[in-house]
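The values are calculated or read from the model by the stated rules, or taken from the named source; none is laboratory data. Just so you know, these numbers come straight off a predicted model, no measurement behind them. We place every Cβ from the backbone using ideal geometry, glycine too, and count neighbours over all the protein chains shown. These accessible areas exclude ligands, DNA and RNA; they are computed on the full protein's heavy atoms, side chains included. Shrake-Rupley method; radii C 1.70, N 1.55, O 1.52, S 1.80 Å.
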Amino acid sequence: MASSTGKLCGPCEVRYNTTTAVSWCMDCDDGLCSSCLEDHKVNKASKKHQTIPVSQYVEVESVSSLIKQECEEHDQRLTFYCLDHCVTACALCVPEKHKQCSRIKPIEELASNAKTSAELFDVERGIKELDNTVDELKNHSQRNIDTIKYQQKNILREIKSFRKQINEHLDNLESNLLKELEDKSDQNKAEINMFLAKLKEKGEKMKSLGKTIHQLKESLSDVQVFFSNKGFR
């Protein structure tokens, strides 16, 4: 029965048995149940193979699946590396394609210190530097966002303050204009009222004069009226 990882024991599957894999052989690229794992460890051909818990393999499976350990042409395990051509080779590739090559090495020999090699160290250092660079860029970007937010608040505050100043200035301008208008209106009305008062006074004098003339006409002779008329001019 398959485990939560979904990995089955390869040798058991060949025997048509379905058994949960507890380990994974990185060299064979196959799952092993507890029983087959013990056989694998004592078998002369596989006792030096590297095995890891299947749960650990699942975590690196996406990377491990990209590493080809089988020769695509001969379906044989890649066991040699040609330093002249910088390519891997299986036991059949060597006599077919690398007869003249003088630097054919077993992969196991070249890979014996791969985990502590300078090349892997450089890769790890590069990844660490890249990770640090990404962190710096993230922090820098976040600081930029914080700065933009801070500047935005300040600009909004300045806009509100400037708008308040403008409103106060407009209110004062409106108040001054209204006061000036009221003063001018009061002045104009006062002048008009004064003019009307003078007209009224003149009108009353004209009425009084008209009444006097009427009385003269009624009570005086033509000669007296003649002399009075000359006196009015």
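Taking all protein chains together and rolling a 1.4 Å probe, S221 ends up with roughly 60 Å² accessible. Simple point charges give the picture: +1 on the Cβ of Lys and Arg, -1 on the Cβ of Asp and Glu, and for the stretch 37-183 a dipole about the Cα centre of about 700 debye.
With a threshold of 26 Å on the Cα-Cα distance, the over-threshold entries among K44/K115; K68/K105; K68/K115; K41/K115; K68/K97; K41/K128 are K41/K128. Suppose R0 equals 41 Å. What FRET efficiency, 1/(1 + (r/R0)^6) with r the Cβ-Cβ distance, do E158 and Q187 give to the nearest 0.05? Approximately 0.45, to the nearest 0.05. Using +1 at the Cβ of each Lys and Arg and -1 at the Cβ of each Asp and Glu in the chain, identify which of S102, T20, F195 lies farthest towards the dipole's positive end. Looking along the dipole axis, the top candidate is F195. Once the Cα atoms are used to define both axes, helix 54-64 deviates from the longest principal axis of the chain by about 70 degrees.
Of the accessible area of the chain, with the probe set at 1.4 angstrom, what percent is carbon plus sulfur? Percent of accessible area from carbon and sulfur atoms in the chain: 55.
Between F121 and K44, the contour length at 0.36 nm per residue exceeds the alpha carbon distance by 24.5 nm. Shape summary of the stretch 89-137, radius of gyration then Dmax from alpha carbon positions: 17.8, 52 Å.
Ignoring the sites themselves, the chain has its longest run without GluC sites (Glu not before Pro) in a DSSP loop having at most 15 other Cβ atoms within 10 Å at 74-233.
Only protein heavy atoms count here; under a 1.4 Å probe, L177 has an accessible surface of about 100 Å². Taking L170, L216 and ordering them by how much accessible surface each has at a 1.4 Å probe, largest first, produces L170, L216.
Restricting the stretch 1-110 to trypsin sites (Lys or Arg not before Pro) that sit in a DSSP loop and have at most 14 other Cβ atoms within 10 Å of their own Cβ leaves R15, K44, K47, K48, K68, K99, R103. Qualifying chymotrypsin sites (Phe, Trp or Tyr not before Pro) in the stretch 1-109, where qualification requires a DSSP coil assignment and no more than 10 other C-beta atoms within 10 Å, comprise Y16. On a per residue basis, the chain carries 82 Å² of accessible surface, using protein heavy atoms and a 1.4 Å probe. Between the helical axis of 222-232 and the longest alpha-carbon principal axis of the chain there is an angle of about 40 degrees. Placing +1 on the Cβ of every Lys and Arg and -1 on the Cβ of every Asp and Glu, with nothing else charged, gives the stretch 1-119 a dipole about its Cα centre of roughly 360 debye. Once the Cα atoms are used to define both axes, helix 118-219 deviates from the longest principal axis of the chain by about 10 degrees.
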